[in-house]
Structures are given as C-alpha cells and as structure tokens.
Amino acid sequence: MKRAIWGIGILSLLASSSCIPTVHPLYSSDTLVESQLLEGRFSDEDSAQWQFRKELDHYYLVMNEHGKEAFFFVHLVQLDDYFYLDFFPDKVDALEINEFLLWHLLPVHLFARVEIHEDKLDLYFFDPQWLRVLLDERRIRIKHEQVMGNYLITASTEELQKFVTKYGHLEEAYVESEPIVLNRS
C-alpha cells in the first residue's frame, strides 16, 4: 500500500529542524489565489528541480532532488499583503519503505512565505527556534504538541491564519533573512 508520506526535500528540512509542521492547512477557500508566475520549472542552488503546474484549486509540485522525486499538493495563499505556499505530500513511489513503517509516518503541512517574481521565487520558512522561544516563554498561545523535541502545530486553519497574519511580517520569524531562491529554468 502506498500512503502519502514526507517528501524528500521537505523531510530533510524537517530533519534539520528548519520548518514548522502543522496538522491543518494554512489555506481556506477564501484565501486561495492564483499566479501564472508560479507555474513552470525552477531550480535552487543545490540543483534541485521544482516543477509547478496548475490543477483545479491548487498547484502540483514535482520536486527532483539528486534523482529522487517527491510530489506535493501546493496551495497559494494570500493573508493580508503576503503570499504563502502550503505544501502537503501526495506520494513518493521512489522510496522503498517497509509498509509497517508507512503507518507510522504522519503527513503534515509545511508553509513558507513566497515572493513571486517573473524569473524567480523567494521562499522564507518560519524558524522553529523562534517559535520555540515564544512558546517556552509563553509569549504566544497556539495549539501544539511536542514530538521528539520539535513542535507540531495542531491549531485549526483559522487559528493558524491569525498566527501567520500577526507574525508573518517579522524578519526574525524566519529561518534566515536570505530566502531559498528558486530560479526559473
């Protein structure tokens, strides 16, 4: 049985603790938007290939990193003046994983603020260390669980949107001030 599991590239981001996984999506029907500039092929500085194509109310991403493909449903979201990509794994047939192990993997949403340009995409992922400090110091309240030393956000879509709207403009909320740049190929 094939089940939706983590994608290769996004899994490595999670493993390095540089993303904030969420149980619920960032998008809702009233926040979805489209951009033709998101469609097409892009590559990052590590030579990973990202191909976005439009489908119904979402985009479909095929990411090829070092010859390994991963597949994602991607939704383009607008909250206030910012745009975000919500990534959710579809399937990864290239991985040979024990079926019993598949039952233990939880597919989650990951999101990044995105700046869409004609020739590139700039991705900014929220910094889990920044979130950890806010949660540990009880400066914010958002539903979450601690899993293997990392936080998994369990807040509803509405609560997640309020959180992102409140903190999405802060530079310190992101992993680095320099984005992951995807250049159109």
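What the table shows:
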| quantity | calculated |
| --- | --- |
| Condition broken by SER47, with the remaining ones in (1) touching a Lys or Arg at 6+ places or on another chain (Cβ under 6 Å); (2) modelled with pLDDT under 90 satisfied | (1) |
| Identity of the residue in region 29-48, surrounded by 16 or more Cβ atoms within 10 Å (Cβ to Cβ) and of a type outside the set (Phe, Trp, Tyr), that ends up farthest from LEU182 (Cα to Cα) | THR31 |
| The listed residue being touching a residue at least 60 places away in the same chain (Cβ under 8 Å), closer than 27 Å to PHE163 by Cα and hydroxyl-bearing (Ser, Thr, Tyr), out of TYR60, TYR27 | TYR27 |
| Selection status of TYR59, at pLDDT 90 or above, hydroxyl-bearing (Ser, Thr, Tyr) and closer than 23 Å to TYR174 by Cα | no |
| For THR22: the one exception among (1) buried (at least 16 other Cβ atoms within 10 Å of the Cβ); (2) over 14 Å from the mean Cα position of the chain (by Cα); (3) in contact (Cβ under 8 Å) with a residue 40 or more places away in the chain | (2) |
| ARG132 being touching a strand residue (DSSP E or B) at 6+ places or on another chain (Cβ under 7 Å) and basic (Lys, Arg) | yes |
| Condition met for ALA94 (outside any loop (DSSP other than H, G, I, E, B), modelled with pLDDT under 95 and small (Gly, Ala, Ser)) | no |
| Of all residues making up region 157-185, the number that are exposed (fewer than 15 other Cβ atoms within 10 Å of the Cβ) and either in contact with a helix residue (DSSP H, G or I) (Cβ under 7 Å, 6 or more places away or on another chain) or closer than 15 Å to THR22 by Cα (or both) | 4 |
| One residue from ASP136, ASP80, ASP86, ASP119 being at pLDDT 90 or above, acidic (Asp, Glu) and at positive phi | ASP80 |
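The values are calculated or read from the model by the stated rules, or taken from the named source; none is laboratory data. Because the structure is a prediction, the values reported are computed rather than measured. In this analysis, Cβ positions are derived from the backbone assuming ideal geometry, glycine residues included, and neighbour counts consider all displayed protein chains.
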